[in-house]
Amino acid sequence: MSRIEELIAELCPNGVAYKAFGDIGTITRGKRFVKSDIVESGTPCIHYGELYTKYGTWATQTYSYLDPELASRLRVARPGDVIFVSAGETIEDIGKAVAWLGKEDVVTHDALYAFRSSLDPKYVAYFSQTVEFHNQIRRYISSAKISAISTENLAKVRIPVPPIEVQREIVNLLDMFTELEAELEAELEAELEARRAQY
């Protein structure tokens with residue numbers, strides 16, 4: 001029996017309850033700013049397009065900044081929030097998430113939602129990568145020129161809510177897999193480079 005199975009048997013012998021995002025937390029939509037507003041230094045911000053290309057499961061620093069005066073008029077995600085993409089060119093773009101683990105608030109673009117709850121933020125971010133999560137949001141996405149999910153519909157998504165000890169054990173296990181995957185990719189790339197050099 002794995003450590004996770006042991007914890008579930010001990011802490012939730014009747015099974016793990018599923019709860020809707022809207023019942024266990026709050027969802028706040030960011031406010032609009034454009035790429036030309038981004039500056040070299042200032043208040044940390046995340047533009048929705050960066051979530052696809054620059055961020056993994058969690059982050060402690062941003063790649064972009066806004067002038068503090070502009071930032072003061074916008075909305076922020078707080079440390080421990082999970083930031084979700086709410087709009088994109090394809091259905092697959094919707095729902096990409098990053099757990100914000102930085103020490104300060106971060107300004108969020110209007111195509112992003114900040115989800116605040118008592119759940120482990122990395123647990124929520126990892127859940128957003130599952131087939132189960134994407135099957136749920138697919139039902140709620142509206143598609144026109146741009147695909148999007150509303151605050152109300154994201155709030156309907158249901159997530160398994162085991163005790164925090166179980167959430168943290170799941171996160172630890174997935175972190176180890178992620179590290180191992182990164183190491184294997186680096187080794188594979190080095191091997192490919194060596195083979196190219198040989199040829």
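Here are the numbers for this structure:
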read-out: Scope region 58-78; condition surrounded by fewer than 19 Cβ atoms within 10 Å (Cβ to Cβ) and under 12 Å from the mean Cα position of the chain (by Cα); matching residues; value: none
read-out: Total residues in region 97-132, condition over 20 Å from Pro162 (Cα atoms) and either of a type in the set (S, T, N, Q) or in a loop (DSSP other than H, G, I, E, B) (or both); value: 9
read-out: Ala97, sole failed condition from (1) under 14 Å from Thr62 (Cβ atoms); (2) open to solvent by less than 30 Å² (accessible area, probe 1.4 Å); value: (1)
read-out: Filter result (of a type in the set (A, V, I, L, M, F, W, C) and touching a residue at least 60 places away in the same chain (Cβ under 8 Å)) within region 50-84; value: Leu51, Trp58, Phe84
read-out: Residue that is farthest from Pro79 (Cα to Cα) [pool: residues in region 15-46 that are basic (Lys, Arg) and in contact (Cβ under 8 Å) with a residue 24 or more places away in the chain]; value: Lys19
read-out: Any hit, region 133-142, residues being within 13 Å of the chain's Cα centre (by Cα) and in a loop (DSSP other than H, G, I, E, B); value: no
read-out: Extreme residue, least open to solvent (accessible area, probe 1.4 Å), among residues of region 146-160 that are in a loop (DSSP other than H, G, I, E, B) and of a type in the set (Gly, Ala, Ser); value: Ala155
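The values are calculated or read from the model by the stated rules, or taken from the named source; none is laboratory data. Not measured: the values here are computed from a predicted model. Please note: Cβ atoms are built from the backbone with ideal geometry, for glycine as well, and neighbour counts cover all protein chains shown. Remember, those area values only see protein heavy atoms, side chains included, never the ligands or the DNA or RNA. Shrake-Rupley method; radii C 1.70, N 1.55, O 1.52, S 1.80 Å.
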